[in-house]
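Worksheet: one structure, shown below.
The values are calculated or read from the model by the stated rules, or taken from the named source; none is laboratory data. This is a predicted model, so every value here is computed, not measured. Quick reminder, even Gly has a Cβ in these numbers, built from the backbone with ideal geometry, and neighbours come from all protein chains shown.
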Amino acid sequence: MSDEQLTPVFNIQRMYLKDLSLEQPNSPLILTEQGQPQVDINLTLAADPVAEGMFEVAVTATVTTKLAADRTLFLIEAKQAGIFEIRNLPPEQMEGILGIVCPQMIYPYLRAVVSDICTRAGFPPVLLTEVNFQAMFEARQQAQAEQPAAEALN
């Protein structure tokens with residue numbers, strides 16, 4: 001084997017906005033109401049192989065903002081993705097790269113998109129907080145490890 005085949009490779013090929021949706025189901029009437037909105041933010045991650053050594057990693061934010069219990073002010077779903085070339089890494093490192101490193105690189109772009117779409121829709125920006133993707137990854141791994149143990153007890 002040549003040294004080139006053994007050298008780890010990590011390159012960002014492209015960052016892009018994959019999907020964006022804004023809904024204001026109760027406009028314009030709800031825009032005249034006063035009150036502090038309740039904001040619910042949900043993040044999801046996905047990593048899929050695209051080709052040999054190429055992976056698409058996507059971070060999706062779903063932001064639901066409500067006035068009162070069931071009156072939606074707006075709903076934003078934004079999916080920011082990146083294509084990464086990752087080669088010659090041990091399999092045990094791949095999950096961490098795809099679940100921690102890549103999402104950390106994508107997330108600032110997603111934060112900017114969500115903030116921008118809020119202001120363009122006529123609302124104050126929703127500023128997504130920093131996310132500890134390593135803690136999320138470790139929690140997901142722990143939950144997966146506990147699941148077979150719980151199934152064995154049933």
When region 113-125 is checked residue by residue, the ones that are crowded, with 18+ Cβ neighbours inside 10 Å and over 15 Å from the mean Cα position of the chain (by Cα) are Ile117, Cys118
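Quick check on Leu128: is it over 19 Å from Asp48 (Cα atoms), in contact (Cβ under 8 Å) with a residue 12 or more places away in the chain and surrounded by fewer than 17 Cβ atoms within 10 Å (Cβ to Cβ)?
no
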Flagged in region 28-53 as small (Gly, Ala, Ser) and either part of a strand (DSSP E or B) or buried (at least 16 other Cβ atoms within 10 Å of the Cβ) (or both), in numbering order, are Ala46, Ala47, Ala51
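Here are Glu85, Glu95, Glu77, Glu56: which of them is outside any strand (DSSP E or B), of a type in the set (D, E, K, R), surrounded by 13 or more Cβ atoms within 10 Å (Cβ to Cβ) and in contact (Cβ under 8 Å) with a residue 12 or more places away in the chain? Full working, then the answer.
Numbers: Glu85 fails: outside any strand (DSSP E or B); Glu77 fails: outside any strand (DSSP E or B); Glu56 fails: outside any strand (DSSP E or B).
So the residue among Glu85, Glu95, Glu77, Glu56 that is outside any strand (DSSP E or B), of a type in the set (D, E, K, R), surrounded by 13 or more Cβ atoms within 10 Å (Cβ to Cβ) and in contact (Cβ under 8 Å) with a residue 12 or more places away in the chain is Glu95.
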For this session: State whether the residues of region 1-20 include one that is surrounded by fewer than 14 Cβ atoms within 10 Å (Cβ to Cβ) and farther than 30 Å from Glu85 by Cα.
Result: no
Scanning region 6-24 for residues that are part of a strand (DSSP E or B) and either in contact with a His (Cβ under 8 Å, 6 or more places away or on another chain) or aliphatic (A, V, I, L, M) (or both) gives Val9, Ile12, Met15, Leu17, Leu20, Leu22
| among the aliphatic types (A, V, I, L, M) and modelled with pLDDT of 95 or more, is that true of Ala81? | yes
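For region 116-136, which residues satisfy the criterion of being of a type in the set (Phe, Trp, Tyr) and assigned to a helix (DSSP H, G or I)?
So the first thing to find is which residues in region 116-136 are of a type in the set (Phe, Trp, Tyr), and the list is 123, 133.
Scanning region 116-136 gives a single hit, Phe133.
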Taking the condition hydroxyl-bearing (Ser, Thr, Tyr), buried (at least 17 other Cβ atoms within 10 Å of the Cβ), in contact with a Phe, Trp or Tyr (Cβ under 6 Å, 6 or more places away or on another chain) and closer than 28 Å to Asn26 by Cα, does Thr65 pass? yes
